[in-house]
1. Any residue at all in the stretch 156-172 that is in a helix (DSSP H, G or I), of a type outside the set (Gly, Ala, Ser) and touching a residue at least 24 places away in the same chain (Cβ under 8 Å)?
2. Taking helices (runs of 4 or more DSSP H) that fall entirely within the stretch 456-547, which contain at least 3 residues that are in contact with a Ser or Thr (Cβ under 8 Å, 6 or more places away or on another chain) and at pLDDT 90 or above?
3. Could you list, in sequence order, the residues of the stretch 88-119 that are touching a residue at least 12 places away in the same chain (Cβ under 8 Å) and either of a type in the set (Val, Ile, Thr) or more than 27 Å from Arg166 (Cα to Cα) (or both)?
4. When only residues in the stretch 130-157 that are on the phi > 0 side of the Ramachandran plot and modelled with pLDDT under 95 count, which is surrounded by the fewest Cβ atoms within 10 Å (Cβ to Cβ)?
5. So which residues in the stretch 332-360 are buried (at least 20 other Cβ atoms within 10 Å of the Cβ), assigned to a helix (DSSP H, G or I) and in contact (Cβ under 8 Å) with a residue 40 or more places away in the chain?
6. Looking at the stretch 423-437 only, could you name the residues that are touching a strand residue (DSSP E or B) at 6+ places or on another chain (Cβ under 9 Å), over 15 Å from Cys357 (Cβ atoms) and not aliphatic (A, V, I, L, M)?
7. Taking Ser37 as the residue in question, decide whether it is surrounded by fewer than 20 Cβ atoms within 10 Å (Cβ to Cβ), without any contact (Cβ under 8 Å) to a residue 40 or more places away in the chain, within 30 Å of Glu172 (Cα to Cα) and not assigned by TED's automatic domain parsing to the domain that holds Phe228.
8. Inspect the stretch 395-411 for any residue being modelled with pLDDT of 95 or more, in the same structural domain as Gly436 (by TED's automatic domain parsing) and in a loop (DSSP other than H, G, I, E, B) and give the result as yes or no.
Amino acid sequence: MMPRVLLLTSTSAPGFHVAPPLGLHRLRHRLECSGFSCDIHDADLESEAPFLDRVARGGYAVLGFSVSHCNMADDLDRIWRFRTAAQQAKARPLFVAGGQEATLNYAQFLGAGIDMVLMGFAERSLVELCQGLVRQPEVPLRERAQAIPGAVVDLGGGAFAVQPARPLEAEEFRQLSYGSALELELPYHRYWDKIRRDVDAHTFARGRFVVENVRLYTSSHCPRRCGFCSSQSFLPRSQGHELPILALSGVEVHHLILDHHRRYRIKGVLFSDDDFLIGSRSGITRALKLCELVQSSKASGELPGDLMLSCQSRVADFLQPGSPRSVDQRLVSAMAAAGFHSIGLGVETFSDRLLQCPTIHKHGIRSRDCRMVLDALLAAGLCPQINIILGIPESTVKELVDTLDTALDYILQGCQVATTPYILTVPGSPLTHLAGYQTVTRPWIHPVTGARVEIAERLEPSDPLIAEAMARLQEDTDSAVRDLVERSGWGAPMLPKTALGLARFMGLARRLGAEPLSARLHDTACQLLRDARQGPSPGSAQESSPM
């Protein structure tokens, strides 16, 4: 009998809109093309109870978990719920983990309930694992792993058998990101229905939100070397060496958009690459070509004129070489004309010193560059989303207050701002090799052995006032929200997202003793709520987040 596979993904982090797990659907597509049966359990959509029952009845030979570091404790608990269920089956299934976090932290996952990790892009290696189970079902795990590129197993005593993954070639990447994307039938409408049920979310004034949104991955990995990010390490670590960035062409990306609109009647596209513009001249050239093709398709009616495009990029991508630096206005204008709307930018801080510190490491970028790019995007009618890290370990109080002050200026001009309280210690990021920083861990207790697993969580700010402010950030935000609701007379059950962000800044400014800034934030948020009570302006909608 051909082994049946169950692929599982954990719940999304708070604040993220649910979407089909494209990686798991690509894995299932490859398995089914090879003759194997495969189910997917997405914890965002459905209960795990029926899947636990199927595992207990011996319904699966392989359980493949897509794991994450930020949810690692929950993922391990879930793995052990399935391991407990599997004890009732006549033949215990093989527990496999994959994805970026498993590749970069295989030691902890193998020591806490996983039998085998498949590193890198695991479509081929998972098929080979299943084929081996058919041909030689009794082969020991260690011997089986030796025959599979990218497989890692625990040998005991702190030793691991590691088989490097195959080098990712251009044609393989193209098949995964382009060929498979054209063949997959994804249940987008199930996710869109859930978003409509769960979120009364639109945006103020400049911001817009559409439910009928799809995600596309168009490049292999991020070329940047930010201190806190692990994306740069995923493929090189799996293969044991560096590799060039692989990317679909502008023509191929355009074809994917046309195909998804034809099949799903989409209203938005989010390019989920860590850096859609790739940070190279070839990346800019493909973006310009895509913009040209999208404009043409909108003009001809192949695509709706209001189709929104969004992406994550970097400040450096919009800068032209030379001295003094200038913004690539041709690129900005082309993206605006094509219908790009939200542009996520990892600004992190507006402090020149902190931009160059080891935990941030935005090589060659200064606050002036960030402001210049943000100003250019706003002037073109685009909506930048600025990502800010609040509790940078090296930060002084003045640097944090100055960053909040500058961020408020950009909020008033139409930017969206997303904040992260701490720098997370994600395995595979350069900062995990730095000395002199205080790492905060979170324990997980093994349900069978009782062993304590320390999960690296974040870096503690070195300034004691900032450390206290981060520890009490939610408490101070809640207090600021209550204050705003009372003073503005806001009566709805949801507080608009922008106002919620201002409340977070307000509580933080109070804690840091920056009273003038706190007062300015308070007045701005109250005015925002008063305006919102009168209803959104024509053609705009309101985005809300739970209070």
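The values are calculated or read from the model by the stated rules, or taken from the named source; none is laboratory data. For clarity, every value in this text was computed on a predicted model and none was experimentally measured. With ideal geometry, Cβ positions are generated from the backbone for all residues, glycine too; neighbour counts draw on all protein chains shown.
1. Yes, the stretch 156-172 contains at least one residue that is in a helix (DSSP H, G or I), of a type outside the set (Gly, Ala, Ser) and touching a residue at least 24 places away in the same chain (Cβ under 8 Å).
2. The qualifying helices (runs of 4 or more DSSP H) are 497-511.
3. Passing the criteria: Gln88, Ala89, Lys90, Ala91, Val96, Thr103, Ile114, Val117.
4. Gly157
5. Val332, Ala334, Met335, Ala338, Leu354 - these are the residues of the stretch 332-360 that are buried (at least 20 other Cβ atoms within 10 Å of the Cβ), assigned to a helix (DSSP H, G or I) and in contact (Cβ under 8 Å) with a residue 40 or more places away in the chain.
6. Residues satisfying the conditions are Thr425, Pro427, Thr432.
7. yes
8. Taking every residue of the stretch 395-411 in turn, at least one turns out to be modelled with pLDDT of 95 or more, in the same structural domain as Gly436 (by TED's automatic domain parsing) and in a loop (DSSP other than H, G, I, E, B).
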